[in-house]
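Step one of this worksheet: look at the structure below.
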Amino acid sequence: MQGAFRAEELRKRYDSTDALRGVSLEVAEGEVVGLLGPNGAGKSTLAKIACGLVHPSGGSAWVAGHPAGSHPARAAIGYLAELFRFPAWLTAQELLTLHQRLAGSSGGASERAELLELVGLAEAARTRVGSMSKGMQQRLGIAQALVGNPGLLLLDEPTSALDPAGRRVVRRLLDEVRGRGVSVLLSSHLLSEVELVCDRVAILVAGEVVERGTPAQLTKPRGVEVETAAGTRLIEGAGRDDAPRIIADLVASGERVYGVRVLSSTLEDAYLEAVGERVE
């Protein structure tokens, strides 16, 4: 399969600075991939290459099987920057109309209505951007990124301005677009959100991918905590697969077991371990 996005040994050098140092990354159809890393890691450069705004110094990047920056590749991408700004005087409907014209979309009123419904702004179609909360603007930004039915969404900090309820709306939205076969490359510093929504994660540091895998693969077992009549005990180093045996042994020895909890590190722990030794 060609995949929604593929980078092979991608390199980018700005004067004496290497922004990307041989990055290889793939986003499959209908997959949400989280791109993590400290400021200056190369995340924005990777997104700009995918959009065709920056040309790589080496390697290659492909979008929907087309070279990044080509017309078919650009047509397959929807993009929401972290620091986006929409004209305050436009209504939500007018903004989507503008982006339909820019994207060459023929979806018309039905596409606008569907997208506003999808992001929970159906009742705000005639509301001006300047009157919207930051959360509403963020959701409107995702709607504009979906104009023209792109196969790949590039989202930079899409939940940064949202409260917990708003972040839940975006998580549901990402589940919805994934169900439609849309792929997402998501940059975020909210690791708890990435852990909940992403199929895979890549950690980028100083222009290199230093860790990759599913959130579960990147976490490590911390032990199994068992609540018994004699008190709570922690069996360090044990994992999920060890829990049934531990419980069976305790019960066989006459212990009364009231609860069991498998403890593991978080994605934040894995991120800090991957990044900590490489960032001053």
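The values are calculated or read from the model by the stated rules, or taken from the named source; none is laboratory data. Note that this is a predicted model, so its numbers are computed, not measured. Because the Cβ atoms are built from the backbone with ideal geometry, glycine has one as well, and the counts that use them run over all protein chains shown.
The rows are residues; the columns are (1) surrounded by 15 or more Cβ atoms within 10 Å (Cβ to Cβ); (2) part of a loop (DSSP other than H, G, I, E, B); (3) hydrophobic (A, V, I, L, M, F, W, C).
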residue: T232; (1), (2), (3): no, no, no
residue: A238; (1), (2), (3): yes, yes, yes
residue: P244; (1), (2), (3): no, no, no
residue: D249; (1), (2), (3): no, no, no
residue: G254; (1), (2), (3): no, yes, no
residue: Y258; (1), (2), (3): no, no, no
residue: R261; (1), (2), (3): no, no, no
residue: D269; (1), (2), (3): yes, no, no
residue: L272; (1), (2), (3): no, no, yes
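Does A73 satisfy the criteria of being surrounded by 13 or more Cβ atoms within 10 Å (Cβ to Cβ), in a helix (DSSP H, G or I) and in contact with an Asp or Glu (Cβ under 8 Å, 6 or more places away or on another chain)? Give the derivation first.
Details: surrounded by 13 or more Cβ atoms within 10 Å (Cβ to Cβ): yes; in a helix (DSSP H, G or I): yes; in contact with an Asp or Glu (Cβ under 8 Å, 6 or more places away or on another chain): no.
Taking the combined requirement at face value, the residue does not satisfy it.
For the stretch 193-217, the set of residues classified as among the small types (G, A, S) and not in a helix (DSSP H, G or I) consists of A202, A206, G207, G213, listed by residue number. Taken as a whole, the structure places L98 among residues that are modelled with pLDDT of 95 or more and surrounded by fewer than 18 Cβ atoms within 10 Å (Cβ to Cβ). V147 satisfies every condition listed in (1) within 24 Å of A28 (Cα to Cα); (2) within 16 Å of the chain's Cα centre (by Cα); (3) surrounded by 23 or more Cβ atoms within 10 Å (Cβ to Cβ) except (2).
Looking across the stretch 104-144, the residues that are assigned to a loop (DSSP other than H, G, I, E, B), surrounded by fewer than 19 Cβ atoms within 10 Å (Cβ to Cβ) and not small (G, A, S) come down to R126, T127.
Among the residues of the stretch 168-192, those that are at pLDDT below 85 and either in a strand (DSSP E or B) or crowded, with 21+ Cβ neighbours inside 10 Å (or both) comprise V170, S188. The residues of the stretch 179-217 that are touching a Lys or Arg at 6+ places or on another chain (Cβ under 8 Å) and of a type in the set (A, V, I, L, M), listed by number, are V184, L190, L196, V197, V201, A202, I203, L204, V205, A206, V210.
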